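Here the structure is laid out as structure tokens; the discussion comes afterwards.
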Amino acid sequence: MKIDTYTDEQRRTLLNLDQYYSAFKDAEIELRRLGNPLHWKTVNGKDYLYEIIDSRGNAKSRGARSPETERMHAEGHQARDRRNGAKEAIGEVGRMYRALRLGSISPEAAAILREADIRGMIGSAFIVVGTNAMPAYEIEAQARIGTGLDETQDFDMAWVGSLELLEAGKTQSPLWDILKAVDSTYTINQERSFQARNAKAYEIELLVAPSRVATLIAGDKPAPLPLPEQEWLLNGKFVDHVICARDGSPARIVAPDPRWFALHKLWLSDQEKRNRLKWP
């Protein structure tokens, strides 16, 4: 396998991407904390702060202009400006990322990872366990090593959620909420309950190690498939890197220790249950 060590330009691009993505995520989290967009409306010669509550433009008053409502308005607009500025910077570095042929994933996978990260669930509840992890391993190795190992039109994630996440009651259906937030067309494959598909037949599969089954939230979808070999992927030290999708959009990947990932794939390649097209 040919290994191409990263150039200084590729390293600079990845450093900039990491910085801009962090700024984008922080601003997006702040915007969601603040709630719906706010704007001023003059009624009978007096200014009132209104919150937009739906896509039709319906709004409710948050009160007359005052130091408090001015602070609320300023916070929202400042966070939106930071978010939009970071998105613009990411767009520029994304074009450079693609020009430099750095490892990428599908836009569908990136959208899922981005939403999960904003909700605080990447690394704490979910990790990437399939070949979509290769771009993160390349960054860890500082070299292009995944040529010919591009992901297929599916996306494998593993549930690693802890009892602390369950007790915190963050959400009753964490993965399903994420899927529906990024694409309302996702539905569960009735023949394979651990798999969801969107209208374009893009598939996401959720797996889980038997030791983590007890931390699953009842009723969430997809229903992950417990596999003993998934235990291997909980060992070692996870890698954590920001990458770009093929459309230039960013995503954060947290993936298993590459040594355990390699052993896992080597073992899988020798299993009769493995799809023969994936053996190599």
Q.
With +1 on the Cβ of every Lys and Arg and -1 on the Cβ of every Asp and Glu, and nothing else charged, how large is the dipole of the chain about its Cα centre, in debye rounded to the nearest 20?
A. 560 debye
Q.
Helix-only mean residue ellipticity at 222 nm, the chain, DSSP H runs n ≥ 4 weighted -39,500 (n - 2.57), per residue, nearest 500. What is it?
A. -12500 deg cm²/dmol
Q. Contour minus end-to-end for ALA214 and SER55, with contour as 0.36 nm per residue of separation and end-to-end as the Cα-Cα distance?
A. 53.3 nm
Q) If r is the Cβ-Cβ distance from ASP4 to LEU227 and R0 is 35 Å, what FRET efficiency results, to the nearest 0.05? A) 0.55
Q: Choose one answer from LYS221, LYS200, LYS237: the residue with the largest mean-square fluctuation in a GNM of the chain with alpha-carbon springs under 10 Å.
A: LYS200
(Q) Quick check: residue separation of LEU268 and ARG65 times 0.36 nm, minus the Cα distance between them. What number comes out in nm? (A) 66.7 nm
(Q) For a test of the definition: using alpha carbon positions, the gyration tensor, and the 1.5 limit on a/c, classify region 171-280 as rounded, prolate or oblate. (A) rounded
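Under the 0.36 nm per residue contour assumption, what length would be gained going from the current alpha-carbon distance of ALA199 and LEU234 to full extension? Numbers along the way, then the final one.
Details: separation 35, 0.36 × 35 = 12.60 nm, distance 3.22 nm.
Computed gain between ALA199 and LEU234 is 9.4 nm.
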Q. For region 48-57, what does the Karplus curve 6.51 cos²θ - 1.76 cosθ + 1.60, with θ = phi - 60°, yield as ³J(HN,Hα) per residue in whole Hz, taken in order and with x for Gly and Pro?
A. 10, 8, 10, 9, 6, 9, 7, 5, 7, x
Q) How high is the FRET efficiency between GLU191 and ILE29 when r is their beta carbon distance and R₀ equals 30 Å, given to the nearest 0.05? A) 0.20
**Q.** Angle between the chain longest axis and helix 258-268 axis [Cα atoms, degrees, rounded to 10]
**A.** 50 degrees
Q. Which whole-number value in Å² is the accessible area per residue of the chain, probe 1.4 Å?
A. 53 Å²
Q) Restricting attention to the alpha-carbon atoms of region 43-150, what are Rg (one decimal) and Dmax (integer), both in Å? A) 21.1, 67
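I'd like the FRET efficiency for LEU15 and ARG259, computed as 1/(1 + (r/R0)^6) with the beta carbon distance as r and R0 of 25 Å, rounded to 0.05.
Once rounded, the FRET efficiency stands at 0.50.
The values are calculated or read from the model by the stated rules, or taken from the named source; none is laboratory data. Keep in mind the model is a prediction, meaning the values are calculated, not measured. Heads up, the Cβs are rebuilt from the backbone with ideal geometry, glycines too, and the neighbour counts pull from every protein chain shown. Side chains are part of the model used for accessible areas, which takes the heavy atoms of the whole protein and leaves out ligands, DNA and RNA. Shrake-Rupley method; radii C 1.70, N 1.55, O 1.52, S 1.80 Å.
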